[in-house]
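The values are calculated or read from the model by the stated rules, or taken from the named source; none is laboratory data. Just so it is clear, the structure is predicted and the values come from calculations on it, not from any experiment. Cβ atoms come from the backbone with ideal geometry, glycine included; neighbour counts cover every protein chain shown.
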Amino acid sequence: MMPDDFMVYRRRLPHWRLDGGLYFVTWRLARGAAELMGVERDAVASALHHFNRQRYALLAYVIMNDHLHVLVQPADGFALQDIVKSWKAYSARRLRHAGRAAPVWQQEYFDRVMRNRHDVFETLEYISKNPTRRWAGIESYPWFWVDRSGLE
């Protein structure tokens, strides 16, 4: 049985919504876009942190060369789709201002509501291992971030 506040809608991908839900969200660069350079990844990280603890609780992210993964919980009154739209728009404006051609991001994104603590920790493990899966032997990665206090 589904909770009363559970919703499903679809663009190209299905999106499930649950009031108070914690979400895994991911999206990629637009087709044909050049990989993100370090300074561009810094700009994306800045966009993710901009309204942290105001409109959402940012729990973890990794910004890769061509995609990113985020673990986030929207605050009451803020919709996940609006948060993701603002991240993508704000970061795209900053990247275009620095010389990147449009479009920056694919229009669609994937999200999944976390059902329990096991889902959260499994997803956190997936996010944290992204750089080592992509680049074997890497010892540290500056565009991986986690708020451990939010996971207790």
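Descriptive notes on the structure:
Condition check ((1) at pLDDT 95 or above; (2) out of contact with any strand residue (DSSP E or B) (no Cβ under 7 Å at 6 or more places or on another chain)) across all residues:
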position	(1), (2)
3	no, no
12	no, yes
41	yes, no
57	yes, no
91	yes, yes
108	no, yes
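- Test: residue 113 is in contact with a strand residue (DSSP E or B) (Cβ under 6 Å, 6 or more places away or on another chain) and modelled with pLDDT under 95: yes
- In region 113-149, residue surrounded by the fewest Cβ atoms within 10 Å (Cβ to Cβ) [restricted to those that are of a type in the set (Val, Ile, Thr) and within 21 Å of residue 35 (Cα to Cα)]: 138
- Only one of 66, 82 that is out of contact with any helix residue (DSSP H, G or I) (no Cβ under 8 Å at 6 or more places or on another chain), touching a residue at least 24 places away in the same chain (Cβ under 8 Å) and not hydroxyl-bearing (Ser, Thr, Tyr): 66
- Condition met for residue 145 (within 15 Å of the chain's Cα centre (by Cα), at pLDDT 95 or above and assigned to a strand (DSSP E or B)): yes
- Residue 128 being outside any strand (DSSP E or B), under 14 Å from the mean Cα position of the chain (by Cα) and either closer than 20 Å to residue 29 by Cβ or not hydroxyl-bearing (Ser, Thr, Tyr) (or both): no
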